[in-house]
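Scroll down for the structure; my scribbles are underneath it.
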Amino acid sequence: ASKEKCGKNPQFYNDSMMDRFQERLIIENALRKVVNQGGFKLFYQPKIQFDVVSSIEALIRWNDPTLGNVSPEIFIPIAEEMGIISKIDEWALLEACKQNKKWQDAHLLKVPISVNISAKNFQQDDLILWIEKALYESGLSPQYLKLEITESTFIKHPKQVVKMLHYIKSLGVQISIDDFGKGYSSFTHLLELPVDEIKIDKKLITGIDQNEKQELLAKSIIDLGHGLQLNIVAEGVENPNERDLLIQLGCDELQGYLFSFPLNPLEMKDFLYMNTKSQAKSFVNV
Ligand code: C2E
Ligand code: MG
Ligand code: MG
Ligand code: MG
């Protein structure tokens, strides 16, 4: 039950409980503290290809002693406004690389780990230093690190961002466009960007088996993406009908509650162990 709670990140507050301004100050103070003292955790959600874990996404979790679990949907935008999102993403990069290296050293799995990076962190070159430091300090090979960025990253200084992405790719690190199809995705954007992967937003995935327009849009994204040699991931897959249709449409990797909630490292170890065992069993049965 605690797994479900953390994975789904219930919002701790209720509009009627506090006035918005006060609530915001409380979150800001608590955030400043947790950023300085440490106390974030990373949870991990697998992506699946042909019934095996093909990659893993790191998702930040904050459990405050008084506020409880605060959703990243709430605190990441606040951290961006406060100018402390740099500290958060720098920490997450290193932590995720270290965890992935541990799994590799334990022979539990050898797949890329995806880290979400805020658009704000592309406004200065420091990001490149954090990536190099995370790889160096963890000993993880660059091909096992992937960055998930959203299209908003390109709005402010597109030329500078594209330059940074080229440099990051030259290190061997992969780039993914998260939440594609939400908001103002532009297909022409894609032609110019040095990226390896598209993640179709869960808004387009939820109920795709029951909505022909959603299916058509997803199919266009998948076909165009494949034309550009990109890896296509669907996020937010919650039921077998959605899964079957997405596989039929040619999606490369699937991610969502149907396969697993985001898990803490201990739970992930069990999940991987079970996954390996069921794989081994299916080989024995052949
Ligand atoms: P995202 O990267 O698009 O992550 C997907 C979100 O959908 C996650 O929410 C995940 O827990 C949730 N999810 C996964 N499977 C399903 C499903 O089947 N159904 C539904 N309804 N939801 C599903 P989460 O963990 O609350 O993260 C929210 C957002 O916060 C992320 O969206 C990402 O943009 C941001 N975020 C998370 N961790 C970090 C981080 O370390 N740094 C930065 N900058 N942003 C982060
Ligand atoms: Mg993501
Ligand atoms: Mg997403
Ligand atoms: Mg999202």
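The values are calculated or read from the model by the stated rules, or taken from the named source; none is laboratory data. Keep in mind that what you see is a predicted model, and the values were worked out from it rather than measured. When we count neighbours, we look across all protein chains shown, and the Cβ atoms used for this are built from the backbone with ideal geometry, even at glycine. What goes into the accessible areas is simple: the full protein's heavy atoms, side chains included, and nothing from ligands, DNA or RNA. Shrake-Rupley method; radii C 1.70, N 1.55, O 1.52, S 1.80 Å.
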Put Thr153, Thr206 in order of accessible area, largest first, probe 1.4 Å, and you get Thr206, Thr153
Whole-Å distance linking the alpha carbon centroid of region 80-124 with that of region 184-227 is 25 Å
Where in region 41-55 does the label zone of Glu137 land, with the point 7 angstrom along Cα→C-beta and an amide N cut-off under 11 Å? none
Rounded to a whole number, what is D in µm²/s for region 156-232 from Stokes-Einstein with the Kirkwood radius over alpha-carbon pairs (25 °C, 0.890 mPa s)? 183 µm²/s
Sort Tyr44, Tyr257, Tyr136, Tyr273 from largest to smallest accessible area, using a 1.4 Å probe on the heavy atoms of the protein chains. Tyr136, Tyr273, Tyr257, Tyr44
Stick to the Cα atoms of the chain, pair each with every other, and give me the Kirkwood hydrodynamic radius in Å at one decimal. 19.9 Å
Value of [θ]222 nm, deg cm²/dmol, for the chain, DSSP H segments ≥ 4, -39500 (n - 2.57) each, nearest 500: -15500 deg cm²/dmol
I'd like to check one number: the per residue accessible area of the chain, probe 1.4 Å, reported in Å² as a whole number. 52 Å²
For labels at Lys277 and Lys203 in the simple 7 Å Cα→Cβ model, what's the distance in nm? 4.1 nm
Cut-off 10 Å between beta-carbons: net charge of the residues surrounding Phe75, Lys and Arg +1, Asp and Glu -1: -4
Expressed in square angstrom to the nearest 10, the accessible area of Met274 with a 1.4 Å probe stands at 130 Å²
Share of the chain's accessible area from carbon and sulfur, percent, 1.4 Å? 53 percent
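How far, in nm, would the chain grow between Asn264 and Lys213 when pulled straight, counting 0.36 nm per residue and subtracting the alpha carbon separation?
Length gained, Asn264 through Lys213: 14.7 nm.
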